[in-house]
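Right, one structure below, let's go through it.
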């Protein structure tokens, strides 16, 4: 079942402790954990936080977690299909197969999050404009929060071991730099379908009055302010 749901369970409690330390968990915090698995991180969180809300899709794992920790609420559900409860922070070993849609929900939640992510996903969050890993996910991350690397993990840190390495990432929300709408994110989507091309080439076929200073720029090198300016000049 673990493999089917994309879960790779941590077995080293020192990693769980490092995640709680990075999240600065206190006895005042209610913490959301996504995919608690066998409860290694859950146990550490239960010792540090006021309350833990752990959301697990696998009913067999839910049964094994029920009643183990007095301040932990276990919810048997798909995190992508439910309304999220109120919480202060997120600490989670994210199931790799749902990383992309889950990260978008985490961004929008605007809470501090310490996450274990597949190394390639983490690289996108940490990327800077112009870097080889810069992507649409980078833009969303930069818009909503600051990202920093806490630690790298080898496949051997998990059971079963995944085929790729992982990274612990800390996301810290910040105020949005400007208001966005569907037109802005629609422009971002179009551009990053051709992220290695110039802006002019990526927007070919759209009705756009492109600023010349941006038309020759490569899409993956665009800053948030560049994207704001472009969205105002493109009719989607």
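The values are calculated or read from the model by the stated rules, or taken from the named source; none is laboratory data. Predicted, not measured: the structure shown is a model, and the values here were computed from it. All Cβ positions, glycine included, derive from the backbone under ideal geometry; neighbour counts span all protein chains shown.
Residue count for the range 181-233, restricted to those that are more than 20 Å from residue 138 (Cβ to Cβ) and touching a strand residue (DSSP E or B) at 6+ places or on another chain (Cβ under 6 Å): 5. Which count do you get for residues in the range 88-116 that are touching a helix residue (DSSP H, G or I) at 6+ places or on another chain (Cβ under 8 Å), buried (at least 18 other Cβ atoms within 10 Å of the Cβ) and within 16 Å of residue 142 (Cβ to Cβ)? Going through the range 88-116 one residue at a time, the tally reaches 3.
Does residue 22 fit the bill of being in contact with a helix residue (DSSP H, G or I) (Cβ under 7 Å, 6 or more places away or on another chain) and either in a loop (DSSP other than H, G, I, E, B) or within 24 Å of residue 119 (Cα to Cα) (or both)? It is false that residue 22 is in contact with a helix residue (DSSP H, G or I) (Cβ under 7 Å, 6 or more places away or on another chain) and either in a loop (DSSP other than H, G, I, E, B) or within 24 Å of residue 119 (Cα to Cα) (or both).
Residues of the range 169-210 that are touching a helix residue (DSSP H, G or I) at 6+ places or on another chain (Cβ under 6 Å) and over 20 Å from residue 129 (Cα atoms): 183 alone. On the stretch given as the range 46-62, residues that are in contact (Cβ under 8 Å) with a residue 24 or more places away in the chain and assigned to a strand (DSSP E or B) total 2. For the residues 204, 228, 136, the requirement of being in the same structural domain as residue 13 (by TED's automatic domain parsing) and either at pLDDT below 95 or surrounded by 12 or more Cβ atoms within 10 Å (Cβ to Cβ) (or both) singles out 136.
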